[in-house]
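Right, one structure below, let's go through it.
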C-alpha cells in the first residue's frame, strides 16, 4: 500500500495498461502524422475582383441560383484572418451562405507591413471599406449592399453604416463590440490598463504574436495545456488531427495590426467608450449611431470571453431603426462560426433574415428600384453608373 | 616611485632581450633588425626620461595625494556590492533550506518572491547608479545608450521573471489542491488508481479556476502592465542600439524608413483625394 492508501499493484497495473495504450496510439499516430493529411483551409473557390494597397476583395459566386439579390459583403476583424469563415468543407460559413443563394464578397485585409503603421480607423472605414462598397455597387448596379461584420470588423461596419447609411441595405453584426464600458471580459479589463501610446511608439504595428500571447493568457489552463493533452489523446485519429491542425493554422496566422488604428481603437473605444455614445469621430465626422436607419441583426455568444454579451447587446437600443433583432447563441467567440451546432443556426438565420428583407424591397416594386438606381448614379459620381467592372486595381501612386 | 620605474624598465629589457636576439638570428636582413632594435631602445630611454622627470617634479606629491583615495573608493564600492551579493546568497540558502523542510508551496512562492525583491533592491542600490553615472568624451552618447540598454535589459528580465512567477503560482496552488484532495480521499478510503484521467480533470479544473481568479486580480493587471512597459522600454533602447550599428552600414534604419512611410502615406492620401475630386468634376463635364 502507498502512503495514500492505494494498492501499489493496482497503480502499477494501471500504469502498464496506460503505457501500452499510449504506445499503440503513438504507433498509429506515426502513420497519421507522416502520411498525407488534408489540412488546407479556405478551399472554397473565389476570385480576387478588387485590390488596393494590401487589401483584396474576394468574390464567391453563389453556388445555386441567387436567392438574395443584394450582394453581401463580409468585413472581418484586423486580428487573425478571414479564413476562419471557411475552415473546412462541411464546416464553412462561406459555403453555407453560398448554398443559401447569397452572392458573397469578403475583404482580405492582408498582412500590414511597417509602411501601414500610419493607417487610421478612418482609412479603413472611409477609405478601404467605402471603396470596396462602391466597387460592389457599381459591379451589380445596385444602390445599396448588405454588410456583415465580424468582431472589430463589425464595429467598422457599424461606423460605416452610420457615416454612409445610403449605401447599406441591411447590417449584420456578429460578436461585435460596441459598448466597451464593461468589466465582463478579461480583454476589456486589460485593455483599460495598457499604455497604448508607449506600445505603438515602441512597435510601430502591434505584432500579431503579442496579441496571440494575450489571447492564450485569457485561459492558459485550457489553451496552453488541456488543448494539447486532448490532441495527444486523439493523435491517432486522422480526421481529428486534420481539423486540429486546420484550427492551429488559423489561430496562429496573425497579421500585425496597423499601429495608428490600434491606438485609435484602444483610446476611443476601450478607454473612452465613444462609439456607443455616438461621440466617436472619423475623418472629422461624428459617428452618430442614430444614422443607422437600415435593419440591424445583432448576433453574439453567451459564453464569449473576448467580446462578452454586455459589450454587444446595447447596440440595438442605440441605433436609429426599429427593425432590429438580437440573437444570443449558446457559444463562445469562435464557436459561433465553427461549432457544428452553431453552423446549423447561424447561416440559416442570416439567410432567412436577409431574404425576408430582400423580398420586402422587391415587393416595394420597381418604383423604389428606379429611384435607387438614380440615386446610385448621383452618389457614386466617380465612374459612369452601372458600368460593370470585372477587376479594378486602385491606381498606384504616381501612375 | 623611482625604484618602481627602474624595476619595470629592467623587466621590460629582460623580456625584450631574448626576443630581439632570437629574431635577429632568424632574419637574414641584419641591417634592418639593427635599426629596429635601436628604435626600441630609444623608446625605452624616452620612457625612462619621462618617469625620471615625474620623480623629480615637486608638484607630483599633491597629485598623488589626491589619487590615493581612488583605490579606497573602489574598495568601498566593491565591498558594498559584495555585501549585497552575500546577503542575497544567505537569503537564497535559507529559502532553499526552508523549502526542503516546508511542505507548503506557499512558502516556496514567498521565498522566490523575496529573493527577486532582494535582487531588485541590490540592483537599484548598487548597479543602477553606476549605469546612470554621467558619461564623458567623444563616445559619451554611445556609452549612455549602451548603459541604458543594459539597464532596460535588466528591467525587462526582472519584469518577465516577476510575471512568470505570478503565472506559475496557480500551477503550484492547483497541484497542492490536488494533493490535499487525494490525501482526503485516501483518508476516507475512496482513492483509487483506476483512472488517472479523473485526477487530471480535477487538476485542470482547479488550475483553470485559479487562473481565472488570478487573471482578474489587480495584482496581475498591474504586473501585466509593468511587464508590457518593461518589454516596450527594452524594445526602444534595443532599436536605438541597432540604429547606432546600422548607421555605420549603407542600410536605412527604421527611423529613416518611418519618415519616408509617413510622407508616402500623406502623399497617397492627398493623391486619392485629388483624384476623387477630379473624377467628380469630370463626371459633370
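The values are calculated or read from the model by the stated rules, or taken from the named source; none is laboratory data. If you're wondering where the values come from, they're calculated on a predicted model, not measured in any experiment. Don't worry about glycine lacking a Cβ; one is built from the backbone with ideal geometry, like all the others, and counts go over all protein chains shown.
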Legend entry - Residues within the stretch B:243-259 that are part of a helix (DSSP H, G or I) and without any contact (Cβ under 8 Å) to a residue 12 or more places away in the chain, tallied: 7
Legend entry - Flag if residue A:116 is within 14 Å of another protein chain (Cβ to nearest Cβ), under 18 Å from the mean Cα position of the chain (by Cα) and modelled with pLDDT of 95 or more: no
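So that you can scan it fast, the table gives a plain yes or no per residue for (1) within 13 Å of another protein chain (Cβ to nearest Cβ); (2) surrounded by fewer than 24 Cβ atoms within 10 Å (Cβ to Cβ); (3) assigned to a helix (DSSP H, G or I); (4) modelled with pLDDT of 95 or more:
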residue	(1), (2), (3), (4)
A:132	no, yes, yes, yes
A:139	no, yes, yes, yes
A:146	no, no, no, yes
A:149	no, no, no, yes
A:155	no, no, yes, yes
A:158	no, no, yes, yes
Legend entry - Pairs, first within 16 Å of residue A:283 (Cβ to Cβ) in the stretch B:267-279, second surrounded by 10 or more Cβ atoms within 10 Å (Cβ to Cβ), C-beta under 6 Å, six or more apart: B:268/A:397
Inset, instruction - Identify, by number, the condition in (1) away from chain B (no Cβ under 11 Å); (2) part of a helix (DSSP H, G or I); (3) within 21 Å of residue A:339 (Cα to Cα); (4) touching a helix residue (DSSP H, G or I) at 6+ places or on another chain (Cβ under 8 Å) that residue A:263 doesn't meet. - result: (3)
Inset, instruction - Read through the list (1) on the phi > 0 side of the Ramachandran plot; (2) out of contact with any helix residue (DSSP H, G or I) (no Cβ under 8 Å at 6 or more places or on another chain), then give the number of the only condition that residue A:277 fails. - result: (1)
Inset, instruction - Within the stretch A:350-367, identify whether any single residue is in a helix (DSSP H, G or I), in contact with a helix residue (DSSP H, G or I) (Cβ under 6 Å, 6 or more places away or on another chain), away from chain B (no Cβ under 14 Å) and modelled with pLDDT of 95 or more, and answer yes or no. - result: no
Inset, instruction - Report yes if some residue within the stretch A:47-62 is over 30 Å from residue A:204 (Cα atoms) and not in a strand (DSSP E or B); otherwise report no. - result: yes
Legend entry - Single match in B:184, B:152 (criterion: farther than 21 Å from residue B:235 by Cβ and within 12 Å of chain A (Cβ to nearest Cβ)): B:184
Legend entry - Qualifying helices (runs of 4 or more DSSP H) (wholly inside the stretch B:121-225; at least 1 residues being more than 14 Å from the chain's Cα centre (by Cα) and more than 30 Å from residue B:79 (Cβ to Cβ)): B:140-187, B:196-215
Legend entry - Hits in the stretch A:190-216 (condition: at the interface with chain B (Cβ under 9 Å from one of its Cβ atoms), surrounded by fewer than 18 Cβ atoms within 10 Å (Cβ to Cβ) and farther than 19 Å from residue A:253 by Cα): A:192, A:193, A:195, A:198, A:201
Legend entry - Filter pass, residue B:164 being surrounded by fewer than 18 Cβ atoms within 10 Å (Cβ to Cβ), without any contact (Cβ under 8 Å) to a residue 24 or more places away in the chain and away from chain A (no Cβ under 11 Å): yes
Legend entry - Matching entry among A:83, A:44, A:70 (being surrounded by 15 or more Cβ atoms within 10 Å (Cβ to Cβ) and part of a loop (DSSP other than H, G, I, E, B)): A:44
Inset, instruction - Could you list, in sequence order, all residues of the stretch B:237-265 that are more than 8 Å from chain A (Cβ to nearest Cβ) and closer than 15 Å to residue A:119 by Cβ? - result: B:263
Legend entry - Matching entry among B:207, B:214, B:175, B:224 (being facing chain A (nearest Cβ under 7 Å), over 29 Å from residue A:123 (Cβ atoms) and touching a residue at least 40 places away in the same chain (Cβ under 8 Å)): B:224
Inset, instruction - Report whether or not residue A:331 is over 22 Å from residue A:72 (Cα atoms), assigned to a loop (DSSP other than H, G, I, E, B) and touching a strand residue (DSSP E or B) at 6+ places or on another chain (Cβ under 9 Å). - result: yes
Inset, instruction - Answer yes or no as to whether residue A:111 is in a strand (DSSP E or B) and away from chain B (no Cβ under 14 Å). - result: no
Legend entry - Test: residue A:176 is at pLDDT 95 or above and over 30 Å from residue B:263 (Cβ atoms): yes
Inset, instruction - Give just the number: which of (1) in a loop (DSSP other than H, G, I, E, B); (2) under 25 Å from residue A:304 (Cβ atoms) does residue A:235 not satisfy? - result: (2)
Legend entry - Breaking point among (1) assigned to a loop (DSSP other than H, G, I, E, B); (2) in contact with a helix residue (DSSP H, G or I) (Cβ under 7 Å, 6 or more places away or on another chain), for residue A:304: (2)
Legend entry - Hits in the stretch A:314-328 (condition: surrounded by fewer than 21 Cβ atoms within 10 Å (Cβ to Cβ), in contact with a strand residue (DSSP E or B) (Cβ under 9 Å, 6 or more places away or on another chain) and touching a residue at least 24 places away in the same chain (Cβ under 8 Å)): A:321, A:323, A:324, A:325, A:326, A:327, A:328
